[in-house]
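Since the structure comes first, as structure tokens, the remarks are kept for the end.
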Amino acid sequence: MRLSVRLAAAGFCLSACLCIAGAQQARIALRGTVVTPSGPVDHATVLIEGEKIAAIGTDPVLPAGTKVIETGGILYPGLIDLHNHVTWNVLSRWSSGVKSGARYDWQQLPEYQMALNVPHEKFVGEGHGCAAERYAEVKAIAGGATSQAGLYPADLTLSGQSTGPTTLQSNCLGGLVRELGVASRLYSEGASEKLRYEVFPLAIDPAHTAALMDGLRDHTINAAMFHIAEGASDNASARREFAMLQGRGLLLPGVSIIHGVALSRENFAVMAKTGVGLIWSPHSNFELYGSTADVAGAKEAGVKMAIAPDWSPTGSDGMLQELKYAAVWNATQAPAPFTDRDLFEMATLNAAELGGIADQTGTLAVGMRADLLVLEATAGGGDAYTQLVHSSSADVAMVMVDGVAVYGDAKLMQQARGAAATSIVKVCGEPKGIGFASAGTWPATVSELTAALARWGATLSPLTDCH
Ligand SMILES: [Zn+2]
């Protein structure tokens, strides 16, 4: 297939992009197999001008002076994680040793308090939230994510400073992943974020609930993610939560249910009818409850679904790892509910749609923000979708956000940025460059967290297991 589309208003964001890109050239072209909305295109080129995709095709016209990089790999839209608990991802894997009925069961265990809850509360209270956030950004990006939800500004205690997006961006965040709902970098400066994320939506006060509903109706809020029905599939208290959410009038377009393990097919029919999505986190579900959501039933009902890792203590280290977990589970089902392409879409386009950001990211197309994941191609590894769902962090060659190379192989980072990465980290035995935008560096982040966790008998979790 031959594609060649040039953006009519080429250079439309050049002045804004020059400062965002910093040292990086404002016009750059990446070559490889490009996974477009209509399918993978071999030997294709993505032309990036500033922070957006200006052309995609097998032979697009490249303006004179465009820097061309042969990646030799597969270019995907950056993965979008709508379910995480960002600052918890510095903590090691945890298991209570038994399967729980509902989330309230394990959350009251003394082992959970000692291994996760109290250490998290303490290191955040001591001001290490920004270091945890930076570490978790690298973990997310090593897993192929370019956007994630589940960062809480209250965890980022900055002594004497506000936790507004501008302050966070310059003094705290790593500047790698888009922190949806907090500092997504998707809206103009001063504009409100448009995504809401609630772990305990049934505990929010009536005024907050009313404001949320108004926001969804008048589109000042594009998306709201609610943890609901998190427990074993036959757990009565988890199952009850759907009726409670429905009773509060919160089944509205723009809402997505995170987990939904205990949802019935009747519930899915209501969700499909009201435009409510499902965010599936199978690894954490099986780990904690021994079962997962009836995704075959959700698919049959027509519920739009995304996939996300929850958090690394009981879920996956990142999006690639969660995709692989889901692909293996899927292959054990008869019939398998998903194709590999379905899983790819659940991590990209579907997630963008449920997150209310599909007009800006989630697909590789002209005019979209240049959020990309580049994987090394594996000979005989199947098509681009199969390779994605069976890859690991070892296969990540480069990640770009807003057209800026923020993570990847040192050589590609040097080529794309026109300068060395700001820090180097070893991932799966290979040195990877990180382009932290804030004052933090990798060695300082690791040593701060290692010391802070040691006081609670905890060790810093690995970035990824590399399998
Ligand atoms: Zn969660």
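Going highest first, how would you order 103-115, 261-273 by mean Cβ packing within 10 Å? Working shown, then result.
Working: 103-115: 15.4, 261-273: 19.8.
Most protected by this proxy first, the peptides run 261-273, 103-115.
Kindly give Rg over Rh for the chain, based on alpha-carbon atoms, with the Kirkwood expression for the hydrodynamic radius.
Working: Rg = 21.2 Å, Rh = 22.3 Å.
For the chain, the value is 0.95.
Please compute the length gained on full extension between ALA394 and LYS99, using 0.36 nm multiplied by the number of residues separating them and subtracting their Cα-Cα distance. Before the final figure, lay out each step's value.
On the way: separation 295, 0.36 × 295 = 106.20 nm, distance 3.13 nm.
Result for the pair: 103.1 nm of gain on full extension.
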Beyond 22 Å (Cα-Cα) in this structure, taken from LYS139/LYS426; LYS139/LYS432; LYS52/LYS432; LYS139/LYS304; LYS122/LYS324; LYS324/LYS411, we find LYS52/LYS432; LYS139/LYS304; LYS122/LYS324; LYS324/LYS411
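Using only the heavy atoms of the protein chains and a 1.4 Å probe, how would ARG240, ARG341 rank by accessible area, largest first?
Values: ARG240 155, ARG341 80 Å².
The most accessible residue leads, giving ARG240, ARG341.
By average Cβ neighbour count within 10 Å, what is the ranking of 445-451, 140-146 from highest down?
Values: 445-451: 17.6, 140-146: 29.4.
Ranking the peptides 445-451, 140-146 by packing returns 140-146, 445-451.
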Quick one: Cα centre-to-centre distance for the range 334-365 and the range 186-200, in angstrom?
21 Å
Please find the FRET efficiency linking ALA331 to ASP359, where r is the Cβ-Cβ separation and R0 is fixed at 35 Å, and quote it to the nearest 0.05.
0.55
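Students often check this: by mean Cβ neighbours within 10 Å, which of 205-215, 350-360 ranks highest, and how do the rest follow? Mind showing how you got there, number by number?
Working: 205-215: 13.5, 350-360: 23.3.
My ranking of the peptides, most packed first, is 350-360, 205-215.
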Distance between Cα centroids, the range 414-456 to the range 382-410: provide it in whole Å.
18 Å
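Taking the DSSP beta bridges in the range 80-315 as the whole, what percent of them are antiparallel, to the nearest 5? Mind showing how you got there, number by number?
Values: 2 of 23 bridges.
Antiparallel bridges: around 10 percent, rounded to the nearest 5.
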Would you tell me the accessible area of LYS99, worked out with a 1.4 angstrom probe on the heavy atoms of the protein chains, in Å² to the nearest 10?
120 Å²
Which value at 222 nm does the chain reach when only helices count, each DSSP H run of 4 or more adding -39,500 (n - 2.57), with the total divided by all residues and rounded to the nearest 500 deg cm²/dmol?
-9000 deg cm²/dmol
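From largest accessible area down, sort LYS122, LYS324; use a 1.4 Å probe on the protein chains.
Values: LYS122 80, LYS324 45 Å².
Ranking LYS122, LYS324 by accessible area, largest first, yields LYS122, LYS324.
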Under 11 Å from the 7 Å Cα→Cβ point of SER264, by amide nitrogen: which residues of the range 219-256?
239-240, 243
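Among the helices of the chain (complete DSSP H runs), which have Cα atoms covering no less than 15 Å along the helix axis and a Kyte-Doolittle mean of at least 0.5? Each step should come with its number before you reach the end.
On the way: long enough: 129-142 (20 Å, 0.22); 206-218 (18 Å, -0.19); 236-247 (17 Å, -0.28); 319-331 (18 Å, 0.19); 442-454 (18 Å, 0.83).
Result, helices passing both filters: 442-454.
According to the square roots a ≥ b ≥ c of the eigenvalues of the Cα gyration tensor, what is the shape class of the range 338-389, taking rounded for a/c under 1.5, prolate for a/b larger than b/c otherwise, and oblate for the remainder? Could the numbers behind the result be given before it?
Values: a/c = 3.26, a/b = 1.59, b/c = 2.05.
Oblate is the answer for the range 338-389, as a/c is 1.5 or above yet b/c matches or exceeds a/b.
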Log10 I(q)/I(0) at q = 0.19, 0.27 Å⁻¹ for the range 27-97, from Debye over equal alpha-carbon scatterers, is -0.76, -1.26
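Show HIS283, HIS467, HIS227 ordered by accessible area, largest first, where the area counts protein heavy atoms only and the probe is 1.4 Å. Kindly include the intermediate steps, with their values, before the conclusion.
Details: HIS283 35, HIS467 150, HIS227 5 Å².
Final ranking, largest accessible area leading: HIS467, HIS283, HIS227.
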One computes Rg over Rh for the range 235-312 from alpha-carbon atoms, with the Kirkwood Rh, and obtains 0.94
With every protein chain left in place and a probe of 1.4 Å, what is the accessible surface of SER312, to the nearest 10 Å²?
0 Å²
Please work out how much length the chain gains when fully extended from ASP383 to HIS219, using 0.36 nm per residue of separation minus the C-alpha to C-alpha distance, in nm with one decimal.
55.2 nm
For q values of 0.27, 0.29 Å⁻¹, compute log₁₀ I(q)/I(0) with the Debye formula on a Cα-only model of the range 354-413, without solvent.
-1.10, -1.12
A student applying the Cα gyration tensor rule (rounded when a/c is under 1.5; otherwise prolate if a/b is larger than b/c, oblate if not) would label the range 143-202 rounded
Rounded, prolate or oblate: which fits the range 80-315 when a ≥ b ≥ c are the square roots of the eigenvalues of the alpha-carbon gyration tensor, with rounded for a/c under 1.5 and prolate only if a/b beats b/c?
oblate
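The values are calculated or read from the model by the stated rules, or taken from the named source; none is laboratory data. From a predicted model like this one, the values you see are computed outputs, not experimental measurements. Here the Cβ is made from the backbone with ideal geometry for all residues, glycine too, and neighbour counts use every protein chain on show. Protein only, heavy atoms only, side chains kept; ligands, DNA and RNA dropped before computing areas. Shrake-Rupley method; radii C 1.70, N 1.55, O 1.52, S 1.80 Å.
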